[in-house]
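Values in this text are rule-based calculations from the coordinates and carry no lab data. Keep in mind the model is a prediction, meaning the values are calculated, not measured. Here the Cβ positions follow ideal geometry from the backbone for every residue, glycine too, while neighbour counts run over all protein chains shown.
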Amino acid sequence: NTTVYYDDDADVSHVTDETVAVLGYGSQGHAHALNLHDSGVDVIVGLREGSSSRDDAEASGLTVETPDVAAAEADRVVMLVPDTVQPAVYEAIQDGLEPGDTLQFAHGLNIHYGQIEPQEGVDVTMVAPKSPGHLVRRTYDRGEGTPGLIAVYQDASGDAKAGALSYAKAIGCTRAGVIETTFKEEVETDLFGEQAVLCGGVTEMVKVGFETLVDAGYSPEMAYFECLNELKLIVDLMYEGGHMEMWNSVSDTAEYGGLTRGEEVINREGMEKILEEIQNGEFTREWILENQAGRPSYRQYRQAEQDHEIEQVGNELRSLFSWGEQEEAEAPADD
Ligand code: NDP
Ligand code: MG
Ligand code: MG
């Protein structure tokens with residue numbers, strides 16, 4: 001049985017007694033830094049010289065130093081720069097980590113695959129909101145929070161978990177609920193989800209569905225509505241009430257056709273291969289080499305995606321209809 005931790009399970013004074021260095025001021029960084037600050041934590045934002053995020057952080061009343069200076073002053077150093085640059089940033093800040101300090105992540109990739117090998121004597125933890133940063137900030141502002149994960153990789157102080165829970169409280173996650181996991185489980189499930197289902201699986205299904213209709217002579221506009229636009233309506237129903245709410249909301253014909261035909265389009269062996277390459281480190285090795293080479297195939301894949309007919313059709317249709325703008329108009333009101 002999974003234990004869910006809420007506000008009452010966490011003592012915010014653990015982090016309010018600390019100085020916290022938030023390295024990076026992007027999606028997660030800005031949200032953590034501002035929420036910590038509003039929770040009464042002494043925060044220093046760590047940014048490289050000439051950083052494009054500096055003005056923004058300072059305009060919000062935060063102190064900004066270079067990462068090495070911020071880390072040296074802090075008791076807890078939180079790595080919120082992109083995963084691919086974290087090993088280099090770690091090199092620059094490691095001398096600022098003293099026994100008793102905490103090195104914290106929002107994703108376990110670099111620790112789990114050995115790209116960062118933290119010294120003994122420091123706690124190594126993870127506090128990972130299961131949400132994009134702008135929602136971590138916006139929900140906190142409203143007195144709510146986003147669900148999150150905590151994990152402990154190295155517990156030198158004996159108090160690492162309490163510290164992680166305290167931090168989760170200060171950024172608002174324990175308002176929504178926090179569960180404990182391991183670095184290994186967080187990384188492997190996260191990579192699998194984004195590759196097989198969320199990002200890779202869904203876009204491939206949409207594209208191949210679109211191509212199948214268009215190649216058979218149907219209009220690209222009809223194919224776009226069927227294969228991409230309606231996806232959001234279906235996912236909203238699943239999000240609210242699971243598969244049964246979705247099946248109950250569509251027609252009996254859609255339900256019968258979907259239940260009998262869906263299996264045909266999914267390749268379970270492909271999914272298992274993806275999971276294996278995550279577990280044995282093959283995917284991560286490939287991604288590290290790709291970065292070292294200056295991302296040549298990443299660029300090619302992105303270009304092909306951008307040139308796909310569904311993008312041209314979608315851009316045009318989205319500018320002709322008003323559904324997108326309505327959503328946009330609602331969103332900023334919360335900020
Ligand atoms: P971002 O890409 O938004 O981070 C950008 C920030 O990092 C900017 O402030 C940028 O400043 C700084 N930065 C970039 N390169 C460097 C560098 N070489 N040296 C110093 N600073 C640099 O990161 P995310 O918020 O997306 O991700 C941070 C962590 O959170 C990752 O571990 C990620 O896996 C995890 N995570 C992300 C989620 C998300 O929703 N995005 C969700 C859950 C976890 P500059 O102006 O200098 O470029
Ligand atoms: Mg220190
Ligand atoms: Mg993910």
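Values for this structure:
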| read-out | value |
| --- | --- |
| In segment 241-327, the chymotrypsin sites (Phe, Trp or Tyr not before Pro) that fall in loop regions by DSSP, at most 16 other Cβ within 10 Å | F321 |
| Tilt relative to the chain, helix 200-215 - C-alpha long axis, 0 to 90 degrees, to 10 | 20 |
| Full-stretch length increase - V4, R299 - with 0.36 nm per residue and alpha-carbon distance subtracted | 102.1 nm |
| Given charges at Cβ of Lys, Arg, Asp, Glu: the chain dipole, positive-most of V85, G158, L97 | V85 |
| Between segment 45-92 and segment 95-110, the alpha-carbon center distance in angstrom | 13 |
| Unit charges at the beta carbon, dipole of the chain: most positive-side option, Y140, N229, N35 | N229 |
| Inter-part distance where segment 238-310 and segment 16-38 are each reduced to a Cα centre, Å | 33 |
| Estimated FRET transfer efficiency when R0 is 25 angstrom, pair Q279-E230 (beta carbons, to 0.05) | 0.10 |
| Phi to ³J(HN,Hα) by Karplus 6.51 cos²θ - 1.76 cosθ + 1.60 over segment 159-171, Hz, x for Gly, Pro | 10, 4, 5, 4, x, 5, 5, 4, 5, 4, 5, 5, 9 |
| Net dipole in debye of segment 95-173 [+1 Lys, Arg Cβ; -1 Asp, Glu Cβ; about Cα centre; nearest 20] | 660 |
| Cβ charges +1 (Lys, Arg) and -1 (Asp, Glu), total dipole of segment 7-181, debye | 800 |
| Tally of Lys pairs whose C-alpha atoms are under 19 Å apart, taken over the chain, 8 or more apart or cross-chain | 7 |
| Among beta bridges that DSSP assigns inside the chain, antiparallel share in %, nearest 5 | 25 |
| Contour excess over end-to-end distance, with Cα ends at T16 and Y218 and 0.36 nm allotted per residue | 66.7 nm |
| Rel. contact order, % - alpha carbon contacts under 8 angstrom, at least six apart, segment 133-228 | 22 |
| Placed amide H near T19: partners under 5 Å, 5+ positions off or other chain | D75, R76 |
| Other-chain or far-sequence residues with amide H under 5 Å of D11's (modelled H) | S166 |
| Calculated [θ] (222 nm, deg cm²/dmol) that DSSP helices of n ≥ 4 give over the chain, each run adding -39,500 (n - 2.57) | -16000 deg cm²/dmol |
| GNM result for the chain, Cα springs below 10 Å: residue of E65, E311, E240 fluctuating most strongly | E240 |
| Table column - 3J(HN,Hα) (Hz), segment 100-117, Karplus curve with 6.51, -1.76, 1.60, x for Gly and Pro | x, 6, 10, 9, 10, 10, 10, 7, x, 3, 5, 6, 4, 9, x, 7, 10, 10 |
| Cα gyration tensor, segment 7-181 - rounded (a/c under 1.5), prolate or oblate | rounded |
| Magnitude of the charge dipole, the chain, Cβ model with Lys/Arg +1 and Asp/Glu -1, debye to 20 | 200 |
| Signed unit charges on C-beta, dipole axis of segment 199-334, positive-most listed residue W247, Q300, N267 | Q300 |
| Cβ crowding within 10 Å averaged over residues, with 189-197, 269-277 ranked highest first | 189-197, 269-277 |
